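None of the figures in this text is laboratory data; all of them are computed from the coordinates on show. None of the values given here were measured: they were computed from a predicted structure. Cβ placement follows ideal geometry from the backbone for every residue including glycine, while neighbour counts extend to all protein chains displayed.
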Amino acid sequence: MSLRGRIDAKCPNGCEPFDADVYSFIRGDTDPNLRLQLKARECNLLICDECEKPFFPEEPYIYFEPQAELLAFVFPESFRPKEKYWRQKMATDFEEMRKALGTAFPLTAEPVICFGVDDLAQLLDFEDFRGEEREVMEWVANDLGLSLYRVSPRFARDSDVPGALPYVPIGRKGVTREGVMEGLEKVLAANDHLESFARYLDQLKASKVGLPPASLVMPS
C-alpha cells in the first residue's frame, strides 16, 4: 500500500507555510491511479493557500513496483547539484528497506534515482511503451505456438533487451540461444514492426552473447 505523511509545505513564492498531506511511498502496482498521476506530473502537486499557485513540495518520496523490479528514489529537482550525496544516502536507505521488507522485496531490484517529476514520468512512459510492444509480441508468439522466456525486468530496462523472448524448444534443452533466435525470426516474419525485438535479434546474430538473466518475479 502507498503511504502519506503530513508536511509543513512551503510555497516557492514565499507565502505563509501550511500543512499538507503528500505521498512518501507509492506502490505503482496496487495504486494504478497514483501511477497515472505520476505520469501526468500531478502526484503530490499542491496549491498554495495564499497565492493559489500550484507547486511541488521539496520532499523526496519512493516509488515501488515489484513486478517491474522497479524501485525509484525520487528527489526534488533542486537536489540534483548534490547528486553524489543523495546517491550515497539512497544506498544506505535501500539497505534499510531491504531489511524491513524481507521476502516481499525482489533481490534483483536495485534502486534508481530520479530528480524532479519528469524523470520518473519519463521512466514510466518508457516502461509502458515497452510493455505494449511486449504484449503484441506475446500475442503473435501464442498464435504461432511459441514458448516464452521472461527476462529480468531490471536487466531488460537497463540493457534495452525485451522483457520477454519467444523461443522454439530444442530437444530437452528447453530455452536456448538458438531457439530464441528461431523464435524471434518467426515472430518478426509475422510482424516486422516490433523494433526492440528486431534490434535484439541483430545483436544475437552479431555476437556470441548468451541469454539475459531470467525473471525471478512470478507473472501476476
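Place a +1 charge on the Cβ of each Lys and Arg in the stretch 3-126 and a -1 charge on the Cβ of each Asp and Glu, then give the dipole magnitude about the Cα centre in debye, rounded to the nearest 20.
380 debye
Could you order the peptides 1-13, 183-195 from most to least packed, using the average number of other C-beta atoms within 10 Å per residue?
Going from most to least packed, we get 183-195, 1-13.
Among 113-122, 51-60, how do they line up from the highest to the lowest mean number of other beta-carbon atoms within 10 Å?
113-122, 51-60
Using the count of nearby Cβ atoms within 10 Å as a rough guide to exposure, how do 176, 92 rank from fewest to most?
Listed from fewest to most nearby Cβ atoms, that is 92, 176.
What ranking of 23, 63 emerges when the number of other C-beta atoms within 10 Å of each C-beta is taken as an exposure proxy, fewest first?
23, 63
With +1 on each Lys and Arg Cβ and -1 on each Asp and Glu Cβ, and nothing else charged, work out how big the dipole of the chain is about its Cα centre, in Debye to the nearest 20.
1060 debye
If each residue of separation counts as 0.36 nm, what is the full-extension length gain between residue 101 and residue 33 once their alpha-carbon separation is subtracted?
22.1 nm
Where does the chain land at 222 nm, in deg cm²/dmol rounded to the nearest 500, when only DSSP H runs of n ≥ 4 count, each adding -39500 (n - 2.57), divided by all residues?
-13000 deg cm²/dmol
For residue 209 and residue 87, what does the FRET efficiency come to when R0 = 22 Å and r is the distance between their Cβ atoms, rounded to the nearest 0.05?
With R0 = 22 Å, the Cβ-Cβ based efficiency is 0.15.
What's the extension gain from residue 51 to residue 3 if we count 0.36 nm per residue and subtract their Cα-Cα distance?
Going from the current span to full extension adds 14.5 nm.
I want the local charge near residue 167. Using Cβ-Cβ distances under 12 Å, sum +1 for each Lys or Arg and -1 for each Asp or Glu among the other residues.
+1
At a 10 angstrom cut-off on C-beta neighbours, averaged per residue, how do the peptides 33-39, 208-214, 72-78 rank from highest to lowest?
72-78, 33-39, 208-214
What does the charge add up to near residue 157, with Lys and Arg as +1, Asp and Glu as -1, over the other residues with Cβ less than 10 Å from its Cβ?
-2
Taking the Cβ of residue 134 as the centre, find all other residues whose Cβ is under 11 Å away and add up their charges (Lys, Arg: +1; Asp, Glu: -1).
With Lys, Arg at +1 and Asp, Glu at -1, the neighbours total -4.
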